[in-house]
Structures are given as structure tokens and as C-alpha cells.
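This report concerns only the one structure given below.
Values in this text are rule-based calculations from the coordinates and carry no lab data. On a predicted model such as this, the values are computed, not experimentally measured, just so you know. Neighbour counts run over all protein chains shown; Cβ positions are idealised from the backbone, glycine included.
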There are 2 protein chains.
Amino acid sequence: MHISTTLRHRRQRLAELIDFPVILWSGSSNSRNFPANTFPFRPSSHFLYFAGIPLQNAAIRLESGKLQLFIDDPHPNSALWHGETPTREEIAAKIGADDARAIAELEHYLENAATIPVQDAATWTQQSQLLDRWLLPQQPPQGNDLELAKAIVSLRLTHDAAALLELRKAASVSVEAHKIGIAATATAKREAEIRAAMEAVIIGHNMTTAYTSIVTVHGEVLHNNHYHHSLQPGDLLLADVGAETETGWAADITRTWPVSGKFSSTQRDIYDIVLAAHDACIEKIAPGVEYGDIHLLAATVIAEGLVDLGILQGKPEDLVKMDLHALFFPHGIGHLLGLDVHDMEDLGDLAGYEEGRKRSDRFGLSYLRLNRPLRPGMLVTIEPGFYQVPGILNDPKIRDQYQYLVNWERLEQFADVRGIRIEDDVLVTETGSEVLTAALPNQASAIEELAMQAKI
Amino acid sequence: MHISTTLRHRRQRLAELIDFPVILWSGSSNSRNFPANTFPFRPSSHFLYFAGIPLQNAAIRLESGKLQLFIDDPHPNSALWHGETPTREEIAAKIGADDARAIAELEHYLENAATIPVQDAATWTQQSQLLDRWLLPQQPPQGNDLELAKAIVSLRLTHDAAALLELRKAASVSVEAHKIGIAATATAKREAEIRAAMEAVIIGHNMTTAYTSIVTVHGEVLHNNHYHHSLQPGDLLLADVGAETETGWAADITRTWPVSGKFSSTQRDIYDIVLAAHDACIEKIAPGVEYGDIHLLAATVIAEGLVDLGILQGKPEDLVKMDLHALFFPHGIGHLLGLDVHDMEDLGDLAGYEEGRKRSDRFGLSYLRLNRPLRPGMLVTIEPGFYQVPGILNDPKIRDQYQYLVNWERLEQFADVRGIRIEDDVLVTETGSEVLTAALPNQASAIEELAMQAKI
């Protein structure tokens, strides 16, 4: 199917939901250390959803299913520096625009238009000036902007065939990156080398990383963006790395593997608990199921496993109610995935939370990013984990509060398990689910095999 | 030498040049597609020069050689997500600060302070608000801000021992990246794969690219940031890739090599002309020499070579005066290199152009980024090139204007030479120069040997 057909379908669906015009800006690039040295350009995801291709300094106006494109033709000198670039008319034809104009003409088409602020300051300032109201990316939308945001959420929550094609590509390249990463461990001396091997797969497919990679032997630091640690034989390496296609669709995979190629018995015990939680959650995914219940299922399986190992003491269900699982699994079971790795998180919880629901302030639930009944076409991550976070486990208040529920001496025997996470991308289907990242093994023995093959 | 000693020396030198207080902000990270998904943080180079390490959301105040650090202690929850991070006092000790305070206290230390605007909008807006004057990164500095900019330029124009240590590291890793890139050509099918192999070397050393890599079989597009072309046996591949160390110091290298491992005779003819220009320029580099004359030397050697090949007709010196070289070499011979790949270009031409000099509007000179007499400790690039840019060579006005000076039929025989550039990083020494990137071969036969070794 031609891209313009998909795009036409998307805007027709939008027109069924709202009756006012919409202008979406693509955004502009951010300067790094001087104006000409910019970070890679990344268009607004809402723009990409309706315009399909990454255009810089462009806007589209949508009304009653019609698409107007606003973009300037390339500067005459541009060919010298940037090569032949398509003209406005060529772009308009490609995306099926009904009309195409210079960006300066946008000012004549602003009336009653709703929008969503773009992340870069140059663009949201421009949006604010043109539409004559403050449009700050971190501020909740109001009025028609809120209606627009809700309409877009309802479209983007479930993925059409064109989106799934891209999401599968991102998943497939990310799977390959993880396989190469595991293999690279045999010779790598530092975390940075594993990261390099993995990101090279992504770059080599002309994709980008969808987010800053986590590649670390300190998996207990949840957002660890350092790569300087050396790899020691007893370490587990946690890699959370995902690709993004040229048109912006993301994957998000985590694997944890032993640097030596072989889990210790304590590492394997915990790994198998995390995997059991992972498998139970995926098993349960189906239309109508509450994602919040999936989270609680993971919490319960982890609590059960830790009781079995003698680390926790009590009935798993009771322990979960008291947030005991969150001592070791302090984040949510996953999130929406699409054009953004945390899909539509620029809209706060508007996408993640069903209307009328709010985040819990319970320690064990406050980080849950998705709280909706699942529907066919939704893509979510399932990413249970186990972490020994010093900031949590060494907190005297926590140790005091839970002194009879945690066997701290027993826990000390698992000191070689700092952080484990297993994350896959799961599509909700009509009858259940499909794991888009299933080509990447996650059983402990299969992971060991991948690691050991590289050693031969 | 401890970093704090270098930093103290730098701010003492600054204190000799100006007698007002200075506040330099580090900057903050830019959001990519949603607030939590940011581009990698890159501090302001001026901040890095005096603070030494990449601190986010920090500011330093310099007065009479004293350093005050303003940064907030990590949030108590920060350890969970980002691990243990150093406290304000630990950072202060590391960089030799005389005093350290929370960022909110900065407002009591603003009086008469000069500054330089940072690139990210959140920070330059904050700078503007606090100092109560508009500080736009693209606007020329005025008053004390201009005096400060000139003082910093005079310091950063020549590199101290600590800077050179970092610059040599960046050069060495970039050399390795190019060697791997040449070797990767044997099996690669697309430009993206060469880029991946080269950037993996940089990432693997826990460095970043100093600028968006150019890796293309269309070298005639000067700022080509696409990587989707397939590699054909007759193609030349042009790679302009450089590393940046963790504390921000850059390298900038270009090599051009044959995809097949063997230059065609026409490719080799042109390659040898570009290399002759490159070698002649480096040969001439010494204290006191005008960089503008180096540019003209490159232009003359290229014009001579093209006359010898029968592509240009006339006396080389006359052809250069008429900008004939610029038909094929439409950019400058190079630029300053340091913390920025175009060092201090955030200050416009304040660093590149000696006081009182302005850019020429001549076609053959307008892109010259550096126009100063050379001094020991300056690091510059030397990067002559030859390009067949359709936008220039197919321009009817240009073809008409130069119809008797270019042998267009002869030129057609060189159709397999779309773009060649050879770029090295050259330090001006007391007696001449030292090529920091000399470990990477540039002779045609040596390049072929590197490429052919990989094929075996």
C-alpha cells in the first residue's frame, strides 16, 4: 500500500473525531555546541503520524480529511551543501497533500486551529506566536488542543498495518543488535564496547537508537547512561537498547546476560523468577485485560519467587499489597510503544491512563505508565526486573519497616545479582498476543548458548 | 598534572585579560520526542574550558582567578534512577572551586557579570532573565560580553598541555575509526555499514562523534548526511568522521577511498592533486604564516594540477584570481579545531578572523573560516578537496562565464570523480607543524593497501 493511502486513512479517521482544523509542526533541529553543529533532527511524532516522512521546518494543516503542506522549497545554495532535495510539490505528491504552500503562508490559515506543542523551543515559541496562546510542551493541553490530543491518542493507541510494518522492522534490527551484543561480550573489556557493537547494528541499518542505550554491569541503576565500567567475569550485563526506523517507529528490548557466558546459581535463580514473571504477563495479554492487572501479576510472581528463595517471608498476595515486590522491582511492568518509545508521553498520562484514572501514589504503583484495558493493535512492553538498589535497600526507614518480611541475611547471598531486566515488545491481537521480539531468546540456557558460541 | 591545576591556570590567565566577573552556564539537555527522552547532553564549550568536566544545569562564576561553582546536589530519588552521583562539594574539590553553592544562590552574584549565551533555549532564556538583557546565541556579543568573548578567544586560540592531551586522544581514536572504515568496505553493501563500523570505534572508546558523520559515495554533496546509497565498485567513498573525548575535545578527519580497493586512473590523477595541495599546505604551516595564504596555496596547487590534466586552461595564479579553483574546491582549506570542531564558531567570526578582518564576498574566499596569522599551539584542519557539484558545474551562467577556461569535454573523462577530500589535524609548533592525525595514511597507494588487506 502506498504511504499516501495510509496517511489519507489516518486523517479521515481524525476528521471523524473532531470538527476543527489542526496544524501540526514538524519542529527544527537543536544546536549542539555551535549553531551549525546540530543534534540529529527528530520530527514531532504527531507530525510523523500524519505526514509520514521526516520533514524539517514544515507544518501540515488537517481539516475534514484534507491535508495542506507548508514547507519552503530548498534554498538555491542548498544543492551545494545538501545535494538535490525534493521540491515542495514532489513532497506534496508523495504524502498525498491536497495543497502545498510556503511556510510563510501558514499565517493565513491559522483560524480556530488546534495544535500540540513540539519539543524544541524554536518551534513551540513559533507555535505560540502564530496561534497567539502559550503552547509549552510540558503544560497540559486545554480546550480544542485537549480535544485534538485525545483524538490523536485514540488513533495512535492501536497500530495500523503501515505502522506495524515499521515496528516489525525496528524490532527485527533490535533483536539483531542484542544478538551481536551478547556475542561481543566474549572479547569486550568495557561496557562501551558492547554498546558500540549493538549500536553499530542499528546504525548499519540506517536507523537510530530510539532512546539513550543502557548497557551496564550496574543494572541496579535504572537509567544508567554511563559506559565506562570494565567487565568482570562474575558480572551480569544489562542492555536496554532499541532501534528507531527512518520514519520514527521504535523498538525497546532489554536482555541481561552473564559476562562469563555462564550464570552463577544465584544469578540464575533470580533470572528465572524475572523470566517467570515475564512469561506469565505475556501469557495473560489479551483484549479486555487490564494492563494494571498485568503489572500486579508480575509483582505477585516476583514475590512468590522471592518467597520460594527465602528472601521474602509471607503470602505473596499480602506482600504485593504492602509493596514488598517494589523493593526489588520499583518500576512499572511496561508502557505503550509506537512512534515514541514511551508512546505519546509528551501528552503526560493522556495516552497511558484511561480517562478518569490517575496515577496511584503507592510506591509499588506510582511508576506504572500504562493503565488501560488492552485492545487489539496496541503494542506494549513487558519488562519485569529485579534490582538491588542501595538507595532503597540500605534506607534505614525501609529496613526498619520491613524488618520481619525480608530475610536480609539470605538476601546477602544474592550479592552477585545487582540488576536483571527482561523486556520484550508485545502486540495485542484479536485473540491474545504476538511477541514482535520473539526471535531473541530469553531463556537462561539459550542466553548462555549465545554467549558461549561467541567464545568458541 | 591534576585537572584543577590546569583549570586554575586558565582562569588566572583570564583574570589577566579582564577585570569584571564572568558567569558561564553549562546548559541543559534538549528533549527529543518527549521530555524524558533527551538528546545526549553536551555542555557549552566555554564552560568546559574553565570547569573541565561535563556538568549539567550548572554555572561557574569567575572573578580575579577565583572559581565559584553553582550546582544543585542530586535529588534524593536520583540514586534510584541515575546511581550515586558526586555531591556539590565533591565536584567543587575536583575542579578546584573556591566556593560552591546551590544554583538558586546564583541570583545574589549577578552584578556586572559578563557571559556568553549557551545554545539551548532553556538556558539562554534563563541567562537573559537573570542578567536582565537579551542573550541570544546567534546575536553578536556587546559591551563586557564582547570583551569576555575576545578574552576567551585569545585563550582558546592556542592549546595548553591538558587540551593537547585530549586532542591527541580524539585524533588517535578517529584514526582508528578511519582504518576500520576502510577495512569494512570490503564486505559492506551500503554507506550506513561503513558509518556503523567507524562510529562503533568511537562509541567503543566511550567517546561521541564531534559532528554528524559524512560517509558517502556522493562526496560532491558537501554536507551529505544520508547513508542509504549502495556501494558500487567504481565509487569513491568519502568519510568525514571525528571523535570527541568525554571532556569535549574534538578531532576532524576526512579520507576518500575506492570501494573496489583500487583507484581508477582518473580518480588517482585527481586524488594526487588534492594530496599535493594537502602536503604543500602542511609543509608551509609555521608560526607567523597567514592561514589565508595557506588557502590560496591550496587553490593554486589544485589549479596547477587541473591545468596539467587539461581540465583548466591558463596560468594557475590567474585562474585562482578568477576563482576558477572554486568551481571544484568551493570551501575553505580548513578551520580552527578544539573543544568545537569549528572552534568557537558560536562566536561568529570572532575566533576565526583577526580583529579588523572581514569575510571576503569573493566566491573563492567567502567560505574561508580562518583568517589569522598562525601561532604555536593553534590546531587547524587542512582539508583540500575536489568536487563535481552539479549545482555549480551545470549552472549555465558559470558555464558561459568560464567557457574558455574549462575544457568541459576533458572534464567529462573524470566523471567517476564526484568528490574527494583529504583532511588532517595540524598543530602549529614553535618551528613548524605536527600532524596529530599522521598515523592514518593518505597516499593513494597506502590507502589501497589498507583497503586490499581487508579483502584478503
Open item on the list: Taking the Cα centroid of region A:331-368 and of region A:135-193, what is the distance between the two, rounded to the nearest whole Å?
Closed with: 14
Open item on the list: Rounded, prolate or oblate for region B:138-287? Axes are the square roots of the Cα gyration tensor eigenvalues, ordered a ≥ b ≥ c, and the cut-off for rounded is a/c under 1.5.
Closed with: prolate
TODO: May I ask you to derive the FRET efficiency for residue B:265 and residue B:454 from their Cβ-Cβ distance with R0 = 25 Å, giving the value to the nearest 0.05?
DONE: 0.65
- [ ] For every helix of n ≥ 4 consecutive DSSP H residues, a contribution of -39,500 (n - 2.57) applies; sum these over chain B, divide by its total residues, and give [θ] at 222 nm rounded to the nearest 500 deg cm²/dmol.
- [x] -11500 deg cm²/dmol
Open item on the list: Quick check: the angle from helix A:291-308's long axis to the longest principal axis of chain A, C-alpha only, nearest 10 degrees?
Closed with: 20
Task: Antiparallel bridge percentage (DSSP; both residues within the protein assembly as shown; nearest 5) - done: 90
TODO: Counting only C-alpha contacts under 8 Å and six or more residues apart, can you give the relative contact order of chain B as a whole percent?
DONE: 15
Task: For the protein assembly as shown, size of Cβ-based charge dipole, Lys and Arg +1, Asp and Glu -1, in debye - done: 400
- [ ] Determine the alpha carbon to alpha carbon distance for each of A:262/A:397; A:169/A:284; A:150/A:284; B:189/B:284; B:150/B:315 and list only those over 30 Å.
- [x] A:262/A:397; B:189/B:284; B:150/B:315
Task: Cα-based equivalent ellipsoid of the protein assembly as shown: semi-axis lengths in Å, sorted from largest, via gyration tensor - done: 47, 33, 30
- [ ] Taking each label point as 7 Å beyond Cα in the direction of the beta carbon, state the distances from residue A:452 to the same residue in the other copies, shortest first, in nm.
- [x] 4.4
Task: residue B:114 long-range amide H proximity, modeled H, under 5 Å - done: B:22, B:23
- [ ] Quote the charge dipole size of region B:296-449 about the Cα centre in Debye, to the nearest 20; the model charges only the Cβ of Lys and Arg (+1) and of Asp and Glu (-1).
- [x] 560
- [ ] Note down the net charge around residue B:255, summing +1 for each Lys or Arg and -1 for each Asp or Glu among other residues with Cβ under 11 Å from its Cβ.
- [x] -2
Task: Shielding by partners - mean other protein chain Cβ count within 10 Å, residues of A:36-46 - done: 5
- [ ] Starting at the first residue of region A:220-227, write each ³J(HN,Hα) from the Karplus equation 6.51 cos²θ - 1.76 cosθ + 1.60 with θ = phi - 60°, in whole Hz, x for Gly and Pro.
- [x] 6, 8, 5, 10, 7, 10, 10, 9
Open item on the list: For a quick size check, give me the Cα extents of region A:3-156 along its three principal axes, largest first, whole Å.
Closed with: 44, 33, 28
Open item on the list: Can you classify region A:20-109 as rounded, prolate or oblate using the Cα gyration tensor, where a ≥ b ≥ c are the square roots of its eigenvalues, rounded means a/c under 1.5, and otherwise it's prolate if a/b beats b/c and oblate if not?
Closed with: prolate
TODO: List, in order, the whole-Hz ³J(HN,Hα) value for each residue of region A:251-266 obtained from phi through the Karplus relation with A = 6.51, B = -1.76, C = 1.60 and θ = phi - 60°; use x for Gly and Pro.
DONE: 10, 7, 10, 10, 10, 10, 9, x, 4, 6, x, 9, 5, 6, 5, 5
Open item on the list: To make sure I understand, if each residue's beta carbon is the centre and we count other beta carbons within 10 Å, what order do B:69, B:297 fall in, fewest to most?
Closed with: B:297, B:69
- [ ] Just add up the charged neighbours of residue B:206: K/R +1, D/E -1, any other residue whose Cβ is under 14 Å from the Cβ of residue B:206.
- [x] -4
Task: Per-residue HN-Hα couplings for region A:326-331 [Karplus 6.51, -1.76, 1.60; θ = phi - 60°; Hz; x = Gly/Pro] - done: 6, 4, 10, 9, x, 10
Open item on the list: So the label point sits 7 Å from Cα along the Cα-to-Cβ vector; using that for residue B:375, what distances do you get to the other copies, in nanometres, sorted shortest first?
Closed with: 6.7
TODO: Please list, in chain and number order, the residues 5+ apart from residue B:237 or on another chain whose amide H is under 5 Å from its amide H, with Hs placed from the backbone.
DONE: B:257, B:259
- [ ] Work out the charge dipole of region A:161-455 with +1 on the Cβ of Lys and Arg and -1 on the Cβ of Asp and Glu about the Cα centre, then indicate which of A:436, A:408, A:312 is farthest towards its positive end.
- [x] A:408
TODO: Putting +1 on Lys and Arg Cβ atoms and -1 on Asp and Glu Cβ atoms, find which of A:348, A:322, A:261 reaches farthest to the positive end of the dipole of region A:161-455.
DONE: A:261
- [ ] Treating the angle as unsigned and between 0 and 90°, give the value, to the nearest 10°, between the Cα long axis of helix A:191-204 and the longest Cα principal axis of chain A.
- [x] 40
Task: Ascending count of other beta-carbon atoms within 10 Å, so fewest first, for A:344, B:198, B:322 - done: B:322, A:344, B:198
- [ ] Lys and Arg at +1, Asp and Glu at -1: add these up for the other residues within a Cβ distance under 10 Å of residue A:114 and post the number.
- [x] -2
Open item on the list: Going by amide H atoms built from the backbone, whose H comes under 5 Å of the H on residue B:190, apart from near neighbours?
Closed with: B:231
Task: Rounded D (µm²/s) - chain A, Kirkwood Rh over Cα pairs, Stokes-Einstein at 10 °C, 1.306 mPa s - done: 67
Task: region B:107-199: mean projected area of Cα convex hull, nm² - done: 9.4
